[in-house]
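Take a look at the structure below.
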Amino acid sequence: MSMQAITRARWFPAVLGFGSFAAAILIIELLIRVGLINRFIVPMPSEIVRAFPRVIAEEHVLWRFLVTAAEALSASILVTVFGIAGGVLLYQFRLLRAATETWVAAVAAAPLVLIYPLYLVIFGRNATTIVMMGFTAGLAPVILKTLEGLAGTRRVLINVGRSFNLTRSQQFWKILFPAALPTIFVGMRLGLIFALINIVGVEFLINFGGLGQLINELAERYDLAGTYAAISFVILVSICVFLLTERLERWLRPVD
Amino acid sequence: MAALIQPSERLAVASPAGSILVVDNITKRFETPEGVVTAVENLSLSVASGEFLGVIGPSGCGKSTLFNIIGGLLDGYEGSVKVAGELVRGPHPSIGMIFQEESTFPWRTVLDNVAFPLEIAGMGRSERYDKAGHFVSLVGLDGFERRYPAELSGGMRQRVSMARTLAAQPKIMLMDEPFAALDEQTRLLLGDKVLQIQQELKQTTLIITHNITEAVQLSDRILVMTYRPGRLKRVVDIDLPRPRTSEIVSSEAFGRYVAQIWNDLREEASRGLRADEAAKRQGAPT
């Protein structure tokens, strides 16, 4: 098989991706072993791999994974429902949009994690605080991207709907919403990233709940290999959420 | 050749009794930062049932304004538009519109695009797909029913739009430069398809275009418009035999019609060009 044929093969990008990842891990391992990276700051990848069984068996990481995943899912549902509804509202009412769009954009850029003490007072030291923090952090991007998607619907598609005498509801569900879906999903992905960061961050800060709390405890014990193993599970939550949104997008809109 | 150019007055007195579409003395003005712009002024036209009417004019003559007024997408004008004697006050089920821009729904397959108006009308799934399939066939897209617009060429996508409009079975098909984005050869070949469909369905059609060849190839009658404000300048009866194909473009008579219409248009197009340049010098939008 020629080099050109290999690079064109369907499996090549995936293999290249995994290969690059493995190479990066290997390089880090080597740099630590030769002492260029301090092993008391960054543990060796091989140590992290060896820490997995211990973290799974002794630290109940699967249960913690499920707790964080459930919090992320709850926040995702809230962010999606209220974010899209908010974007639609701003699209429908120009005055509301003019009055609030700048504020919503400012909220999207603000370090919202800093309001967690307020949420602790309101909701207490429990999962509700964590979910609400995720929801608050993820809301603004979904609102803004929903608005952008709806406002960016090509005029001619709206006119096609008008020429077929569509009602307002039909115009929204048959044209505006499907036309805006790709942009809405960009917003959802951004929103879910913000939500997940805040969920794990608040778990860490208030030492409660799932993987964030575990990372906190392992870091406190200076169990670096265990800490990084736990972080791998956070990445797994992120992958699950992304796969879910990707499936949802493909189901709602099979092509771009 | 029969009387090539007829006086515009003829149109104004054209008997609305035999017409399915009557546009009566339309004037439309737009408020702009530079002042009031009259896009269309005292324009009247009528289209007989089964007729293919072409409206041609230079850029800026108000063609698209006229298209939007007849289609019911634009209001706030003087005069009236009637379809089969009924006053048009908004989008009318008897008028089907084909737009200049690409207007297929990218998230729907070809069949779902064409079935769209039937879905809106509440037709059952199997019945609407059967009917949509017929119109997909009519525009020559058999075998592409399950494809998405992104997988089709520009000409095929415009045919999907046409099939979608035809599926609603409008009394009048209104086309706004439907092939403007296509190359000349595809445009001529799609013209053949339009002629074939019009022949088969006896579809009353009004095409708005700035392309003389396209107008002569397709139309029974052509209205030539002036540059802004868009008024009626001339009516040209196209006395070319039907059924037609794109082969007709090489005929002597075709060439004479094109030359005659260009004579009328050249003056208007020059006026438009001068106005455009003057506006650009002053930094005003055109």
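Only the coordinates and a few stated rules stand behind these numbers; no lab work does. It should be emphasised that the depicted structure is a prediction, and the values quoted were computed from it without experimental measurement. Heads up, the Cβs are rebuilt from the backbone with ideal geometry, glycines too, and the neighbour counts pull from every protein chain shown.
In the frame of its principal axes, segment B:103-245 has Cα extents of 48, 33, 29 Å, reported largest first.
Sequence gap at least 6, Cα distance under 8 Å: using those rules, report the relative contact order of chain A to the nearest whole percent. Could the numbers behind the result be given before it?
On the way: 290 pairs, mean separation 63.0, N = 256.
Answer for chain A is 25 percent.
A simple rule links phi to the HN-Hα coupling: the Karplus curve 6.51 cos²θ - 1.76 cosθ + 1.60 with θ = phi - 60°, which for segment B:135-140 gives 6, 4, 4, 4, 8, x Hz, with x for Gly and Pro.
Placing a pseudo-label 7 Å from each Cα along the Cα-to-Cβ vector at residue A:39 and residue A:219 gives an inter-label distance of 2.4 nm.
Segment A:1-49 and segment B:57-128 have Cα centres lying 57 Å from one another.
Taking 0.36 nm per residue of separation and subtracting the Cα-Cα distance, full extension of the segment from residue A:231 to residue A:128 would add 34.8 nm.
Using the Karplus relation 6.51 cos²θ - 1.76 cosθ + 1.60 with θ = phi - 60°, the per-residue 3J(HN,Hα) values for segment B:80-88 come to 9, 10, 10, 10, 6, x, 9, 5, 8 Hz, with x marking Gly and Pro.
Ordered by residue, what ³J(HN,Hα) values in Hz, to whole numbers, does segment A:32-42 give under the Karplus form 6.51 cos²θ - 1.76 cosθ + 1.60, where θ = phi - 60° and Gly and Pro are x? With the stated coefficients, segment A:32-42 comes to 5, 4, 7, x, 6, 10, 6, 5, 8, 9, 10 Hz. Shown is the FRET efficiency for residue A:247 and residue B:24, computed with R0 = 51 Å from the Cβ-Cβ distance and rounded to the nearest 0.05: 0.35. As a test, work out the antiparallel percent of DSSP beta bridges whose residues both lie in chain B, rounded to the nearest 5. Expressed as a percentage, antiparallel bridges in chain B total about 55. Over the C-alpha trace of chain A, radius of gyration and Dmax come out as 22.4, 73 angstrom.
Available extension along the chain between residue A:92 and residue A:255 is 56.0 nm, counting 0.36 nm per residue and deducting the alpha carbon span. For residue B:98, the residues whose amide H sits under 5 Å from its own are B:174, B:175, B:176, ignoring neighbours fewer than 5 places away on the same chain, with H placed 1.01 Å from N. In this simple spin-label approximation, residue B:153 and residue A:169 carry label points 7 Å from Cα along the Cα→Cβ vector, and these lie 4.3 nm apart. Need one word for the protein assembly as shown: rounded, prolate or oblate. Basis is the Cα gyration tensor (sqrt eigenvalues a ≥ b ≥ c); a/c below 1.5 gives rounded, then a/b vs b/c decides. Taking the square roots of the gyration eigenvalues as a ≥ b ≥ c, the protein assembly as shown is prolate.
Rounded, prolate or oblate: which fits segment B:207-286 when a ≥ b ≥ c are the square roots of the eigenvalues of the alpha-carbon gyration tensor, with rounded for a/c under 1.5 and prolate only if a/b beats b/c? Can you show the working numbers first?
Values: a/c = 2.85, a/b = 2.54, b/c = 1.12.
Judged from the Cα gyration tensor, segment B:207-286 comes out prolate (a/c at least 1.5, a/b above b/c).
When the Gaussian network model of chain B links Cα atoms closer than 10 Å, the mean-square fluctuations of B:149, B:241, B:58 top out at B:241.
Here, P(r) means the percent of Cα pairs in each 5 Å bin from 0 to the largest distance; for segment B:104-169 it is 4, 23, 35, 25, 11, 2, 0.
Amide H contacts under 5 Å for residue B:204: B:50, B:173, restricted to partners 5 or more places along the chain or on a different chain, H placed in the peptide plane at 1.01 Å from N.
The GNM of chain A, with springs linking C-alpha atoms under 10 angstrom apart, assigns the highest mean-square fluctuation among A:75, A:14, A:99 to A:14.
Averaging Cα coordinates gives a centre for segment A:126-189 and one for segment B:248-268; these two points are 49 Å apart. Among the chymotrypsin sites (Phe, Trp or Tyr not before Pro) found in segment A:181-231, those both in a DSSP coil and sparsely packed, with 15 or fewer other Cβ atoms within 10 Å of their Cβ, are A:222. Among B:192, B:142, B:176, determine the one that fluctuates most according to a GNM of chain B built with springs between C-alpha atoms less than 10 Å apart. Its mean-square fluctuation being the largest, the pick is B:142.
Between their Cα atoms, which of B:193/B:233; B:82/B:171; A:174/B:28; B:171/B:233; B:28/B:193 are more than 23 Å away from each other? Beyond 23 Å between Cα atoms: B:193/B:233; A:174/B:28; B:171/B:233; B:28/B:193.
How about segment B:162-228: which trypsin sites (Lys or Arg not before Pro) there are in a DSSP loop, with at most 11 other Cβ atoms within 10 Å of their Cβ?
Details: sites: B:164, B:171, B:187, B:193, B:202, B:221; in loops: B:171, B:202.
In loop regions of segment B:162-228 (DSSP not H, G, I, E or B), the sparsely surrounded trypsin sites (Lys or Arg not before Pro) are B:202.
Per Stokes-Einstein, at 37 °C and 0.692 mPa s, what whole-number D in µm² s⁻¹ belongs to segment B:139-212, with the Kirkwood radius over Cα pairs as the hydrodynamic radius? Rounded to a whole number, D works out at 253 µm²/s. Near residue B:55, the amide H atoms lying under 5 Å from its own belong to B:207, B:208, B:209, B:223; only residues 5 or more places off or on other chains count, and H is placed 1.01 Å from N.
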